[in-house]
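Accompanying notes for the structure given below.
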Amino acid sequence: MGLDWVGVALGIIVVLIFMAIFTMLRTMTEPFIKRFESSLGQSLIKLSSPDNACGIQFQYNGRNYQLIEVNYSKKGKDKSDGKNYIFLQVEAKNNGMIRFRNIMQNQSLDKKIQFMLNINHEIKGSEVYAADLSECFKEIKVNASDVLKAKVFLSQPDVLNILTELKSKSGAYGLFEVIPLMIEPGRIILDYRLSETLINQLVRDPRFMKKHIVFLDQLAARLETV
(Lines give C-alpha, C1' and ligand atoms only; values in the text may rest on other atoms or scores of the structure.)
Protein backbone atom coordinates (compact mmCIF):
# COMPACT_ATOMS: atom_id res chain seq x y z
CA MET A 1 0.00 0.00 0.00
CA GLY A 2 1.54 3.32 -1.15
CA LEU A 3 2.09 6.28 1.07
CA ASP A 4 -0.54 9.02 0.72
CA TRP A 5 1.84 11.96 0.02
CA VAL A 6 -1.04 14.40 -0.36
CA GLY A 7 -2.31 13.48 3.10
CA VAL A 8 1.19 13.75 4.55
CA ALA A 9 1.68 17.18 2.99
CA LEU A 10 -1.68 18.41 4.29
CA GLY A 11 -0.82 17.08 7.73
CA ILE A 12 2.50 18.95 7.75
CA ILE A 13 0.77 22.15 6.63
CA VAL A 14 -1.81 21.85 9.44
CA VAL A 15 0.94 21.30 12.02
CA LEU A 16 2.91 24.30 10.73
CA ILE A 17 -0.18 26.50 10.83
CA PHE A 18 -0.91 25.35 14.39
CA MET A 19 2.68 26.03 15.45
CA ALA A 20 2.59 29.51 13.88
CA ILE A 21 -0.66 30.34 15.66
CA PHE A 22 0.66 28.97 18.96
CA THR A 23 3.87 31.00 18.62
CA MET A 24 1.92 34.15 17.79
CA LEU A 25 -0.38 33.72 20.77
CA ARG A 26 2.54 32.98 23.10
CA THR A 27 4.35 36.07 21.87
CA MET A 28 1.27 38.18 22.42
CA THR A 29 0.62 36.98 25.97
CA GLU A 30 4.20 36.73 27.28
CA PRO A 31 7.13 39.16 27.38
CA PHE A 32 9.61 38.67 24.56
CA ILE A 33 12.49 38.11 26.98
CA LYS A 34 10.78 35.16 28.68
CA ARG A 35 12.27 32.93 25.97
CA PHE A 36 15.72 33.53 27.51
CA GLU A 37 14.89 32.10 30.95
CA SER A 38 16.36 28.66 30.26
CA SER A 39 19.52 29.88 28.51
CA LEU A 40 20.24 32.44 31.25
CA GLY A 41 19.29 30.05 34.06
CA GLN A 42 17.05 32.56 35.85
CA SER A 43 13.31 33.29 36.00
CA LEU A 44 11.55 36.37 34.73
CA ILE A 45 10.60 38.77 37.54
CA LYS A 46 8.61 41.97 37.85
CA LEU A 47 10.92 44.95 38.41
CA SER A 48 10.12 47.74 40.85
CA SER A 49 11.86 50.20 38.55
CA PRO A 50 11.29 51.26 35.84
CA ASP A 51 7.50 51.14 35.79
CA ASN A 52 5.82 48.40 33.75
CA ALA A 53 9.07 46.48 33.44
CA CYS A 54 10.10 42.88 33.83
CA GLY A 55 13.58 41.46 33.81
CA ILE A 56 15.92 38.52 34.13
CA GLN A 57 18.78 39.06 36.57
CA PHE A 58 21.90 36.93 36.24
CA GLN A 59 25.68 36.91 36.61
CA TYR A 60 28.43 36.37 34.07
CA ASN A 61 32.16 36.48 34.77
CA GLY A 62 31.48 37.95 38.21
CA ARG A 63 29.35 40.82 36.91
CA ASN A 64 25.67 41.50 37.57
CA TYR A 65 23.44 41.70 34.49
CA GLN A 66 19.82 42.51 33.77
CA LEU A 67 17.87 41.76 30.61
CA ILE A 68 15.04 44.29 30.81
CA GLU A 69 11.77 44.67 28.93
CA VAL A 70 9.82 47.87 29.48
CA ASN A 71 6.26 48.39 28.30
CA TYR A 72 5.89 52.10 27.68
CA SER A 73 2.36 53.32 27.05
CA LYS A 74 1.64 56.79 25.77
CA LYS A 75 -1.98 57.83 26.28
CA GLY A 76 -3.41 59.66 23.33
CA LYS A 77 -6.71 61.43 22.86
CA ASP A 78 -8.61 58.32 21.78
CA LYS A 79 -6.28 55.40 22.57
CA SER A 80 -3.08 54.30 24.30
CA ASP A 81 -0.04 53.55 22.19
CA GLY A 82 2.06 50.86 23.91
CA LYS A 83 5.53 49.73 22.85
CA ASN A 84 8.02 47.32 24.37
CA TYR A 85 11.65 48.33 24.73
CA ILE A 86 14.42 45.82 25.44
CA PHE A 87 17.77 46.52 27.09
CA LEU A 88 20.73 44.45 28.27
CA GLN A 89 22.55 46.05 31.20
CA VAL A 90 25.78 45.20 33.04
CA GLU A 91 27.24 46.77 36.16
CA ALA A 92 30.60 48.47 35.59
CA LYS A 93 32.92 50.27 37.99
CA ASN A 94 33.04 53.63 36.26
CA ASN A 95 32.00 57.11 37.33
CA GLY A 96 31.51 58.82 33.99
CA MET A 97 29.25 58.70 31.00
CA ILE A 98 29.81 58.31 27.26
CA ARG A 99 26.82 58.73 24.96
CA PHE A 100 26.65 58.02 21.24
CA ARG A 101 24.12 59.80 19.11
CA ASN A 102 23.53 60.16 15.38
CA ILE A 103 22.72 63.70 14.29
CA MET A 104 19.31 62.50 13.03
CA GLN A 105 18.18 60.76 16.21
CA ASN A 106 15.05 61.96 17.93
CA GLN A 107 16.12 63.86 21.06
CA SER A 108 12.71 63.65 22.73
CA LEU A 109 12.86 59.85 22.40
CA ASP A 110 16.34 59.89 23.92
CA LYS A 111 14.94 61.72 26.94
CA LYS A 112 12.10 59.19 27.26
CA ILE A 113 14.57 56.30 27.30
CA GLN A 114 16.68 58.08 29.89
CA PHE A 115 13.59 58.56 32.03
CA MET A 116 12.60 54.88 31.71
CA LEU A 117 16.05 53.67 32.77
CA ASN A 118 16.53 56.27 35.54
CA ILE A 119 19.49 57.80 33.74
CA ASN A 120 20.62 61.10 35.19
CA HIS A 121 20.25 63.43 32.21
CA GLU A 122 21.63 66.31 34.28
CA ILE A 123 25.18 64.91 34.08
CA LYS A 124 26.97 67.41 31.88
CA GLY A 125 29.16 66.19 29.05
CA SER A 126 31.42 67.67 26.42
CA GLU A 127 31.67 66.67 22.78
CA VAL A 128 34.56 64.43 21.80
CA TYR A 129 35.55 65.79 18.42
CA ALA A 130 35.60 63.52 15.39
CA ALA A 131 39.19 64.52 14.56
CA ASP A 132 40.28 62.77 17.75
CA LEU A 133 38.36 59.56 17.04
CA SER A 134 38.44 56.58 14.71
CA GLU A 135 36.55 56.47 11.41
CA CYS A 136 34.09 54.21 13.26
CA PHE A 137 32.53 57.32 14.80
CA LYS A 138 31.94 59.14 11.52
CA GLU A 139 28.48 60.80 11.57
CA ILE A 140 28.06 59.86 15.22
CA LYS A 141 28.24 62.44 18.00
CA VAL A 142 30.17 61.33 21.05
CA ASN A 143 29.54 63.12 24.34
CA ALA A 144 31.48 62.33 27.50
CA SER A 145 31.77 63.62 31.05
CA ASP A 146 35.53 63.01 30.88
CA VAL A 147 36.79 63.66 27.35
CA LEU A 148 40.36 62.47 28.01
CA LYS A 149 39.23 59.12 29.45
CA ALA A 150 36.72 58.72 26.63
CA LYS A 151 39.45 59.19 24.01
CA VAL A 152 41.63 56.57 25.69
CA PHE A 153 38.75 54.10 26.01
CA LEU A 154 37.48 54.60 22.46
CA SER A 155 40.92 54.23 20.89
CA GLN A 156 41.62 50.73 22.21
CA PRO A 157 41.57 48.13 19.39
CA ASP A 158 39.31 45.58 21.13
CA VAL A 159 36.84 48.31 22.09
CA LEU A 160 36.83 49.61 18.51
CA ASN A 161 36.24 46.11 17.15
CA ILE A 162 33.16 45.65 19.36
CA LEU A 163 31.75 49.11 18.63
CA THR A 164 32.36 48.69 14.90
CA GLU A 165 30.48 45.38 14.88
CA LEU A 166 27.58 46.82 16.89
CA LYS A 167 27.44 49.76 14.49
CA SER A 168 27.44 47.49 11.43
CA LYS A 169 24.57 45.47 12.93
CA SER A 170 22.58 48.55 13.85
CA GLY A 171 20.72 51.48 12.42
CA ALA A 172 17.23 52.30 13.57
CA TYR A 173 15.28 50.32 10.99
CA GLY A 174 17.63 51.35 8.20
CA LEU A 175 17.31 55.09 8.78
CA PHE A 176 20.80 55.84 10.11
CA GLU A 177 23.87 54.19 11.58
CA VAL A 178 24.19 54.21 15.35
CA ILE A 179 26.16 52.59 18.14
CA PRO A 180 23.33 51.25 20.34
CA LEU A 181 25.07 51.74 23.69
CA MET A 182 24.71 53.98 26.70
CA ILE A 183 27.68 54.11 29.06
CA GLU A 184 26.48 55.57 32.33
CA PRO A 185 27.95 55.83 35.84
CA GLY A 186 28.04 52.27 37.19
CA ARG A 187 26.62 50.52 34.13
CA ILE A 188 26.71 49.89 30.38
CA ILE A 189 23.42 49.43 28.51
CA LEU A 190 22.88 47.79 25.12
CA ASP A 191 19.83 49.46 23.62
CA TYR A 192 18.00 46.98 21.35
CA ARG A 193 15.47 49.67 20.49
CA LEU A 194 18.02 51.09 18.05
CA SER A 195 18.76 47.91 16.15
CA GLU A 196 16.31 45.91 14.06
CA THR A 197 19.17 43.56 13.12
CA LEU A 198 20.10 42.71 16.72
CA ILE A 199 16.46 42.03 17.60
CA ASN A 200 16.07 39.79 14.54
CA GLN A 201 19.18 37.86 15.59
CA LEU A 202 17.57 37.13 18.96
CA VAL A 203 14.29 36.09 17.33
CA ARG A 204 16.07 33.61 15.05
CA ASP A 205 18.59 32.30 17.56
CA PRO A 206 18.55 33.15 21.31
CA ARG A 207 22.21 32.08 21.49
CA PHE A 208 23.16 35.49 20.12
CA MET A 209 22.40 36.83 23.60
CA LYS A 210 25.60 35.14 24.84
CA LYS A 211 27.64 37.09 22.29
CA HIS A 212 26.12 40.38 23.43
CA ILE A 213 26.81 39.48 27.08
CA VAL A 214 30.47 38.84 26.23
CA PHE A 215 30.64 42.17 24.39
CA LEU A 216 29.40 44.07 27.46
CA ASP A 217 31.75 42.13 29.74
CA GLN A 218 34.74 43.08 27.59
CA LEU A 219 33.68 46.73 27.38
CA ALA A 220 33.17 46.89 31.16
CA ALA A 221 36.62 45.40 31.78
CA ARG A 222 38.26 47.94 29.46
CA LEU A 223 36.30 50.85 30.86
CA GLU A 224 37.51 50.04 34.37
CA THR A 225 41.16 50.33 33.31
CA VAL A 226 41.02 53.94 32.06
Notebook entry, point to check: Among the residues of segment 123-143, is any among the small types (Gly, Ala, Ser), within 20 Å of GLY96 (Cβ to Cβ), out of contact with any Pro (no Cβ under 7 Å at 6 or more places or on another chain) and buried (at least 18 other Cβ atoms within 10 Å of the Cβ)?
Noted result: no
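From the residues in segment 153-170 that are exposed (fewer than 15 other Cβ atoms within 10 Å of the Cβ) and of a type outside the set (S, T, N, Q), which one is nearest to ASP132 (Cα to Cα)? Spell out the reasoning first.
Of all residues in segment 153-170, those exposed (fewer than 15 other Cβ atoms within 10 Å of the Cβ) come to 155, 157-158, 161, 165, 168.
From what is left, the residues that are of a type outside the set (S, T, N, Q) are 157-158, 165.
Working: PRO157: 15, ASP158: 18, GLU165: 20 Å.
Across segment 153-170, the extreme among qualifying residues is PRO157.
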Checklist line | Odd one out for ALA20, checked against (1) surrounded by fewer than 17 Cβ atoms within 10 Å (Cβ to Cβ); (2) at pLDDT 80 or above | finding: (2)
Notebook entry, point to check: Of all residues in segment 54-94 being of a type in the set (Ser, Thr, Tyr) and modelled with pLDDT of 95 or more, which is farthest from GLU196 (Cα to Cα)?
Noted result: TYR60
Notebook entry, point to check: Is it true that some residue in segment 180-189 is open to solvent by less than 10 Å² (accessible area, probe 1.4 Å) and either at pLDDT below 85 or in a loop (DSSP other than H, G, I, E, B) (or both)?
Noted result: yes
Check: Looking at GLU127, GLU139, GLU122, which one is free of Cβ contacts under 8 Å to residues at least 60 places away in the same chain and at positive phi?
Finding: GLU139
Next item on the list: Could you list, in sequence order, all residues of segment 202-213 that are open to solvent by 10 Å² or more (accessible area, probe 1.4 Å) and in contact (Cβ under 8 Å) with a residue 24 or more places away in the chain?
Entry: PRO206, ARG207, LYS210
Next item on the list: Output the qualifying pairs, or none if there are none: Cβ atoms under 7 angstrom, residues six or more apart or on different chains, first residue in segment 36-65 and within 13 Å of PHE87 (Cα to Cα), second residue open to solvent by 60 Å² or more (accessible area, probe 1.4 Å) and basic (Lys, Arg).
Entry: CYS54/LYS46
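The values are calculated or read from the model by the stated rules, or taken from the named source; none is laboratory data. Treat the numbers as computed from the prediction; the structure is a model and nothing was measured. With ideal geometry, Cβ positions are generated from the backbone for all residues, glycine too; neighbour counts draw on all protein chains shown. We work out accessible area using only protein heavy atoms, side chains counted, and drop any ligands, DNA or RNA first. Shrake-Rupley method; radii C 1.70, N 1.55, O 1.52, S 1.80 Å.
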